[in-house]
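What follows draws every value from the coordinates through simple rules; no lab data is involved. Predicted model, so just to flag it, every value in this text is computed and none were measured. FYI the Cβ positions are ideal-geometry reconstructions off the backbone, even for glycines, and counts take in every protein chain you see.
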């Protein structure tokens, strides 16, 4: 077996001579060789950039919740105003992330409308796969945002429960203190009457009637204020309980919305599959029409030849 000579170096020398003849210096040639070895990164599409930005925003929101979780849940670390400010910032953050996801959904819908051809049928299958991939990206971002919001709902439920737990014993203490104060005042009113009846009678005889009426009015107003404060405390406790229930219902509703999003994604996949089946059916129908027309032409030609053959045989006989 004959041995072949290695001509690689000769080929390199020839390429270098041609490059020098075309005014390529050493730096340009090195840059071209480096471009063959290290390819430039692909330029990302606007949808990819927006999706990555949304993912970074959701990650920043999650880090913010982890950083301020103890400050929000523990009532002894921060004040009510600071917890309200944390809740406001988280709510603004969640709205911004949701708006970014809505923008991505709108861009996908616009791309679907432009990708549809005549009679609402997509002409390019690769474009349909790209749109399905984008729907999957939006679904993943929605699930990630839902997981973060569920954590915040749990933190808010803990805060409201602690508020209710603080309000309940305070109410009991107020009722006990009010009852004790009423008992003490009654005993103070009864003691001088029991110890010195004569002095009380003289005081009653000397005391004019309008002063007694004013004291009675003051007592009535005090009782009315106590009843009003008790009703207000009951209303506040009922409102706090309803806020906790609303938080739980919000978490439940977000869970159902996520389940509906999964169902919508399944329906979209089924719709894509149905569209593909319709396209295949249209192709089969067009092929069947072509076969029918060709078979009809062949049948007419066969009948014409057969008729001509019969007439020819009849004429020949």
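Quick look at the numbers
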item	result
Pairwise Cα inverse-distance average, inverted: Kirkwood Rh of segment 261-300 (Å)	12.2 Å
Relative packing of 241-247, 133-139, 280-286, which averages over residues the other C-beta atoms within 10 Å, highest first	133-139, 241-247, 280-286
